[in-house]
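Visitor: Pasting a structure below so you can have a look.
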2 protein chains.
Amino acid sequence: MDLEAYLDSVARQVDSLVDRSFGDVWTDLDRASAHLLFAGGKRLRPAVVMLAAEAVNNGSSSDILPAALAIELTHTFTLVHDDIMDDDLMRRGVQTVHTKWDMPTGILAGDVLYARAFEFLCISIAPDNAKVRAVSMLARACAEICAGQHMDMSFEKRDDVTDGEYLEMVRKKTGVLYAAAAGIGGILAGCNAHQAKTLYQFGLNTGIAFQIQDDLIDLLTPSEVSGKDRASDLREGKQTLIWIKAREKGIDLSPYKRDLSDAEIDEVISMLNNAGVIEEVRKVATDLVSESNRLLNMLPPSPSRELLRDIGAFFVTRSF
Amino acid sequence: MDLEAYLDSVARQVDSLVDRSFGDVWTDLDRASAHLLFAGGKRLRPAVVMLAAEAVNNGSSSDILPAALAIELTHTFTLVHDDIMDDDLMRRGVQTVHTKWDMPTGILAGDVLYARAFEFLCISIAPDNAKVRAVSMLARACAEICAGQHMDMSFEKRDDVTDGEYLEMVRKKTGVLYAAAAGIGGILAGCNAHQAKTLYQFGLNTGIAFQIQDDLIDLLTPSEVSGKDRASDLREGKQTLIWIKAREKGIDLSPYKRDLSDAEIDEVISMLNNAGVIEEVRKVATDLVSESNRLLNMLPPSPSRELLRDIGAFFVTRSF
């Protein structure tokens, strides 16, 4: 199976479980909680859960679909809360939860998704000791994600963030959830401690690469393709790797920390391309994926292992 | 041991575990997360966890102290988020988290506490199958708490909330966490399914009674004793049982939906006392506690069972 077909298959399974997970009578809070979940999304983290399980368990992962959904629920909760903090208006081509409803409902919708994540993790079919390890791993990941988001916001008040600080922030904000996705998939499928560590590290590296690519997409991809506000990072003065590498090359992006026309954004892109900034940023991401691929050699060869490699490659080549 | 000494002992144990649970180097987000935890609090929910465990396990509960803290962390997360939604300024005699820091940090501080709750639940010493049941119970409780808070907020836009709707809201917002506290204490200590159900129902009833008493305290107890804004429910037009019973007796409290002087608050109290409203509201709470005490007859007699009864009685007699 190629990656696209695999991702489609996982997305269908996850979406079907989402459909079944809400009762027949919906409260307003149920609708707010489900809003972003039903607005699409690529279900990449669930795919990592399933592939990690298959890579250590001879291709079978059907028992842990609820855990795959748990990771997507966790991701969605962080999006709903982040959108409030950043006051973003659009996400996945629809209004953000706190915009369509209000701030209190946004906080609660995120909190409901957070609870459901742990509920679903426990209804996977797996040994209880594996579930307890999985719950602990997800809980630690959630705490780190918050720390990462807090670092990210603190960077907005600074203009001297270093590469190292940026990568530490991204490790927490995005890396650890991919790490937990891969680790939990392996653990629930019965992998050994060494494999769990390998999968966790694979997820961490590819997750960091994913976020770097996300920062590139924010700048490079038109809103109608990404479904997000374009160049919102630049407008908010986010110290992304793009910003930091530009500064290292003597390019000051702070004059662009405001609402920008598409023409102005294109001008910034052109300047960054000419200075080699975009290329350097891309290289950081692709190097992380290469390192991840090397790690996967420690798992037995299988079609699922190759799909994990494909997903890593996709993370740093996608344009949406 | 009498209840006061028992509560002091649990509070000391929980506080000591809180101290040890934060590392030596604190980030700003760590400080925000710990802020309300270190501002005191009666640790009533942890006491219920410990007593429930002792009541089914011959008086031993030391192994599940982390679970007791987990319930307190859950409670604290809901306070931090509720304070943002209600824009309350003070809590436990200190500034609320989003007031001392800011709204985004408040959201994240709550989210960190939420994660830590599940982390601590898993580090209790108990069989893995019991831990999985406990995680599921806590997760379901968290989702219900959110639904309860959402109902509570929706009541602010209405003036026709019924007794039944109010009790349903309180069951979710406050009852289920006490229910989970008692249920989880019992489950981790190895109780049977029947005992778990009894303890859950005990916690549910006493938790509802606790909230009714909290509503009475909000109106009746001066700020310097409660550490909270006085009569904030009245000011915000919250449809508490006091408001509803008053309306049933033809007393319209809506003219008091504004900032009130202490003299005006005393005037309202006097009017409600004369109409028998306060007495009727108290009776709903005390009846729930009586029902809880009856339920506890299904557990073997023990000093811990008697302390559970004492805690229920305390819930509806406390003035802070």
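Visitor: Copy-to-copy spacing for A:Glu248, label 7 Å out on the Cα-to-C-beta vector, in nm, shortest first?
Guide: In ascending order, 7.0 nm.
Visitor: While we're here: Return the single residue from B:Gly164, B:Gly106, B:Gly237 with maximal mean-square fluctuation; model: Gaussian network over chain B, springs between Cα atoms under 10 Å.
Guide: B:Gly164
Visitor: For the protein assembly as shown, what is Rg from Cα atoms divided by 2.2 N^0.38 Å, rounded to two decimals?
Guide: Taking N as the residue count of the protein assembly as shown, the ratio is 1.01.
Visitor: Right, next: From the convex hull of the Cα coordinates of the range A:3-315, what is the mean projected area in square nanometres?
Guide: 15.3 nm²
Visitor: Give me A:Met169, A:Met1 sorted ascending by neighbouring Cβ count inside 10 Å, so fewest comes first.
Guide: In increasing order of surrounding Cβ atoms, one gets A:Met1, A:Met169.
Visitor: Rounded, prolate or oblate, given the Cα gyration tensor of the range A:70-226, with a/c below 1.5 counting as rounded?
Guide: Taking the square roots of the gyration eigenvalues as a ≥ b ≥ c, the range A:70-226 is oblate.
Visitor: Between A:Arg309, A:Arg247, A:Arg294, where does the largest GNM mean-square fluctuation fall for chain A, given springs only between Cα atoms within less than 10 Å?
Guide: Fluctuation is largest for A:Arg294.
Visitor: With chain A rotated onto chain B, spot the residue of A whose Cβ lies nearest the axis and note the distance in whole Å.
Guide: Per the Cβ-to-axis criterion, the result reads A:Asp128, 2.
Visitor: When chain B is modelled as a GNM with alpha-carbon springs shorter than 10 Å, which of B:Ala189, B:Ala126, B:Ala180 fluctuates the most?
Guide: The residue with the greatest mean-square fluctuation here is B:Ala126.
Visitor: Please identify every one of the GluC sites (Glu not before Pro) in the range B:99-185 that sits in a loop by DSSP and has no more than 15 other beta carbons within 10 Å of its own beta carbon.
Guide: B:Glu156
Visitor: Using only helices, what value at 222 nm comes out for chain A when you add -39,500 (n - 2.57) per DSSP H run of length 4 or more and divide by the total residues, to the nearest 500 deg cm²/dmol?
Guide: Mean residue ellipticity at 222 nm (helix-derived): -22500 deg cm²/dmol.
Visitor: Mind listing the phi-derived Karplus ³J(HN,Hα) values for the range B:313-320, rounded to whole Hz, using 6.51, -1.76 and 1.60 with θ = phi - 60°, and x for any glycine or proline?
Guide: 5, 4, 3, 9, 10, 4, 10, 8
Visitor: Let me ask something additional. State to the nearest 20 debye the size of the charge dipole of the protein assembly as shown about its Cα centre, where the only charges are +1 on K and R beta carbons and -1 on D and E beta carbons.
Guide: Rounded to the nearest 20 debye, it is 1760 debye.
Visitor: Nm distances between the label at B:Asp63 and the same-position labels in the remaining copies, 7 Å along Cα→Cβ, shortest first?
Guide: Those label-point separations list as 2.5 nm.
Visitor: If we hang a label 7 Å off Cα along the beta carbon direction at B:Glu168, how far is it from the matching labels on the other copies, in nm, shortest first?
Guide: 5.0
Visitor: In the protein assembly as shown, if the dipole is taken from +1 on Lys/Arg beta carbons and -1 on Asp/Glu beta carbons about the Cα centre, which of B:Thr162, A:Thr74, B:Ala231 is farthest to the positive end?
Guide: A:Thr74
Visitor: If we count other beta carbons within 10 Å of each Cβ, what is the order of A:Trp243, A:Trp26, fewest first?
Guide: Arranged by neighbour count, lowest to highest, A:Trp243, A:Trp26 become A:Trp26, A:Trp243.
Since every read-out is calculated from the coordinates, none of them should be taken as a lab result. Everything quoted here is computed from the prediction, not taken from an experiment. Using ideal geometry, Cβ is built from the backbone for each residue, glycine included, and neighbour counts are taken over all protein chains shown.
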